[in-house]
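Remarks on the structure that follows.
The values are calculated or read from the model by the stated rules, or taken from the named source; none is laboratory data. Keep in mind that what you see is a predicted model, and the values were worked out from it rather than measured. Because the Cβ atoms are built from the backbone with ideal geometry, glycine has one as well, and the counts that use them run over all protein chains shown. Remember, those area values only see protein heavy atoms, side chains included, never the ligands or the DNA or RNA. Shrake-Rupley method; radii C 1.70, N 1.55, O 1.52, S 1.80 Å.
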Amino acid sequence: MRSPKDFFAPLALGAPAPVREIPVTPSRMIHFFDPGNEKMAAKVPDLAKKVDVLLGNLEDAVRADRKEAARAGLVAIAKANDFGKTQLWTRVNSLDSPWVLDDLITLVTEIGDKLDVIMVPKVEGAQDIHYVDRLLAQLEARAGLTKPLLVHAILETASGVANVEEIAGASPRMQGISLGPADLAASRRMKTTRVGGGHPGYLVRTDPVGDDLTAGRTTYQQDLWHYTVARMVDACAMHGILPYYGPFGDIRDVVACEDQFRNAFLLGCVGAWSLHPVQIGIAKKVFSPSPSDVAWARRVIAEMGDGTGAVMIDGKMQDDASVKQCRVVAELADALAADDPELAAAYDAATKEALG
């Protein structure tokens, strides 16, 4: 374990100094694409205008015989495009794979100045982050980079969940953590073959009425991922990094996708993965506070004055804790509205109506 006074020291001579605070920019959707797929690559310039984060995927969903083509494709795409305010991320292959070393060496030295975040799959403990941290510092120094690359871990093994707090605090590079439900389900030996979302068999049932144990008993489907997401959110909040829901695999079921994303949003996640263009709009909608919620938050903040004491607003008691909750919503709305005139107008109109 490093001494606290050395935590923010560069891990290689000539490497840029680590960041002391993670940049918080809109990342409502992390949109995945295969950089080795020419049809997908051709859509990148247009996609970059629609998403907060564009991620070139090198790991799952890329066949073994196409790994090198995907890596080369990402280099070419990064060099050929100006992404503006859209962040460019990549997901490298797992640390136990034969491809990850070449992924990191090639990407950092070739396009390290274009990349913002490197997503590392199947992180099992702080030791995995420490390995990547040192290697990135050496490669940054070699490439002459002036800005450190950030690291994002995927929570997709039982060991990762057990060690999530130490993972979140393992390096100043840690940008955030995503839930990886499919691999995590396999690691835990869960009996579901779905990629995220609920399961009709995971339910609770109302009590029986009388002697009939079947009639009139309503069932309610439960969230398989509630515990893991909540624990991940706590670990991220404790260390000042950002939590994300991962993939929702049933592309056709846009209703359940929106429900799953909203559950994650309400629990504290700032975004989710989008695997298909249809999920981009869902993530943008869900992870942007509604105009009515923003208007209420701004009203409470305004009527609470200096934020102390308590007031009654529409029959509801508000106090200093309420103000803290409302500031979370209002500050997120302000950050999103800064780059979205349409959203800003909707928020301002709702607030004007609420404040009279």
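Brief remarks on what is shown
- Close pairs (6 angstrom Cβ cut-off, 6 or more residues apart or separate chains): in the same structural domain as residue 180 (by the TED database) in the range 212-224, at pLDDT below 90 and exposed (fewer than 13 other Cβ atoms within 10 Å of the Cβ) anywhere: 216/209
- Number of positions in the range 329-356 that are surrounded by 18 or more Cβ atoms within 10 Å (Cβ to Cβ) and in contact (Cβ under 8 Å) with a residue 24 or more places away in the chain: 10
- Inter-residue pairs, beta-carbon under 8 Å, first under 17 Å from residue 356 (Cβ atoms) and in the range 293-315, second part of a loop (DSSP other than H, G, I, E, B) and of a type in the set (A, V, I, L, M, F, W, C), 6+ apart: 311/304
- Tally, over the range 186-197, of residues that are open to solvent by less than 100 Å² (accessible area, probe 1.4 Å) and without any contact (Cβ under 8 Å) to a residue 24 or more places away in the chain: 1
- Residues located in the range 247-258, provided they are assigned to a helix (DSSP H, G or I) and either crowded, with 24+ Cβ neighbours inside 10 Å or hydrophobic (A, V, I, L, M, F, W, C) (or both): 254, 255, 256, 257
- Residue match in the range 81-90 (condition: modelled with pLDDT of 95 or more and more than 18 Å from residue 33 (Cβ to Cβ)): no
- Candidate set: the range 21-59, residues that are modelled with pLDDT under 95 and under 23 Å from residue 238 (Cα atoms); chosen: the one farthest from the chain's Cα centre (by Cα): 21
- Within the range 147-178, being under 16 Å from residue 137 (Cα atoms) and open to solvent by 50 Å² or more (accessible area, probe 1.4 Å) holds for one residue alone: 147.
- In the condition set (1) within 23 Å of the chain's Cα centre (by Cα); (2) farther than 16 Å from residue 247 by Cβ; (3) modelled with pLDDT of 95 or more; (4) basic (Lys, Arg), residue 67 is compliant with all but (1).
- Strands (runs of 3 or more DSSP E) contained in the range 259-356 and holding at least 2 residues over 22 Å from residue 226 (Cβ atoms): 310-313, 316-319
- Considering 200, 181, the condition of being in contact (Cβ under 8 Å) with a residue 12 or more places away in the chain, more than 28 Å from residue 128 (Cα to Cα) and either surrounded by fewer than 16 Cβ atoms within 10 Å (Cβ to Cβ) or assigned by the TED database to the domain that holds residue 246 (or both) is satisfied by 200 alone.
- Condition check for residue 134: within 30 Å of residue 278 (Cα to Cα) and either touching a residue at least 60 places away in the same chain (Cβ under 8 Å) or surrounded by fewer than 18 Cβ atoms within 10 Å (Cβ to Cβ) (or both): no
- Residue 311 meets the stated requirement of being surrounded by 13 or more Cβ atoms within 10 Å (Cβ to Cβ), over 28 Å from residue 198 (Cα atoms), β-branched (Val, Ile, Thr) and touching a Gly at 6+ places or on another chain (Cβ under 9 Å).
- Test: residue 244 is open to solvent by 70 Å² or more (accessible area, probe 1.4 Å), in the same structural domain as residue 154 (by the TED database) and of a type in the set (Ser, Thr, Tyr): no
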